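Here the structure comes first, spelled out in structure tokens, and everything after it is commentary.
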Amino acid sequence: MISLFRKLSWSTQRRQKEHELHEELQFHLDEEAEQRQVEGLAEDQATRAARQDLGNFALVQKSTRVAWSWAFFEQFLQDVRYALRTMSNNRAFTALVALSLALGIGANTAIFSFMDSILMRSLPVSDPKSLARPELAQQTT
Amino acid sequence: MGRKPSPRLEFLQGTLDVLILRTLVLGPAHGHAIAKHIQRTSEDLLQVETGSLYPALHRLELKGWVAASWELSDKGKRARYYRLTPLGRKRLATEQSKWEAFSRAMGLILNPTDQEAQ
């Protein structure tokens with residue numbers, strides 16, 4: 001619950017978070033390079049080694065961002081938009097699909113409700129015709 | 001610049017979180033220091049990949065187990081320092097006892113010396 005609120009507040013300051021993450025990772029790089037220099041590497045070599053140690057900068061950024069973004073939700077929206085786009089590009093196909101789905105579902109529903117009423121809902125007695133419904137006769141005076 | 005092939009242990013899922021929380025018991029630290037501390041303390045057996053460290057730190061922050069703030073490092077540079085929160089401390093206690101139970105169970109099964117001797 002706390003994390004949901006935090007996530008909401010983070011998403012309003014997205015640009016700043018992005019910037020901070022960049023600075024944080026840059027600091028990590030500098031620190032690593034500095035340490036390698038202390039261990040006896042030349043400056044450019046140390047920088048390169050630090051970069052290599054960190055791996056793909058953009059990838060680290062991206063996978064960290066996943067922790068505080070709505071990655072799942074955003075990707076889902078992307079997928080929905082993509083589907084709508086593809087469908088509107090191919091109207092005839094979409095119409096055909098919608099029609100066959102409608103017919104299929106409609107036919108199934110019709111047949112099922114028919115079968116349901118005659119097979120499933122038949123009375124649970126051996127001779128339904130002999131059933132009678134007693135009623136109180138109104139007294140006529 | 002080839003890496004020496006050394007026996008590095010792979011992390012079990014969720015291990016990194018515990019290691020980070022435990023490291024922060026010693027006081028606030030930035031990402032690089034956390035990674036180095038874990039590596040040093042484990043006698044280089046555990047190597048923390050940057051690609052998993054920062055996502056983990058941000059995830060822990062999101063859960064409220066650590067808090068982060070920008071402070072000056074001992075060399076005078078701006079760094080993002082992570083601090084253990086009371087919630088994180090509680091979490092660490094639970095995780096730690098879980099780990100101890102697990103490693104005891106593994107030890108009992110892998111080295112059943114007592115039973116075999118009997």
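Nothing in this text is a laboratory measurement; each read-out follows from the coordinates by a stated rule. Everything numeric here is computed off the predicted structure, so don't read it as measured data. Because the Cβ atoms are built from the backbone with ideal geometry, glycine has one as well, and the counts that use them run over all protein chains shown.
Couple of notes before you dig in:
- The aspartates and glutamates whose alpha-carbon is closer than 12 Å to the alpha-carbon of B:Lys63, local same-chain residues fewer than 8 away aside, are B:Asp17.
- Candidate aspartates and glutamates - alpha carbon under 18 Å from A:Lys17, same-chain residues fewer than 8 apart omitted: A:Glu74, B:Glu61, B:Glu71
- Three-way shape call for the protein assembly as shown based on the alpha-carbon gyration tensor, with the a/c threshold at 1.5: prolate
- Loop-located GluC sites (Glu not before Pro) in the range A:1-100 (DSSP state other than H, G, I, E, B) with a sparse environment of at most 10 neighbouring Cβ atoms within 10 Å: A:Glu39.
- Partners for B:Lys98 among lysines (Cα-Cα distance below 18 Å; same-chain residues under 8 apart left out): B:Lys90
- Within the protein assembly as shown: Cβ-based charge dipole about Cα centre, in debye rounded to nearest 20 (Lys, Arg +1; Asp, Glu -1): 800 debye
- For the segment A:50-58, counting C-beta atoms of other chains within 10 Å of every residue's C-beta and taking the mean gives 2.
- Each Cα pair under 8 Å and six or more residues apart adds its separation to the average, and for chain A the resulting relative contact order is 17 percent.
- Span-like helix check, chain A: qualifying full DSSP H segments, with Cα axial length of 24 Å or more and mean Kyte-Doolittle of 0.5 or more, are A:91-115.
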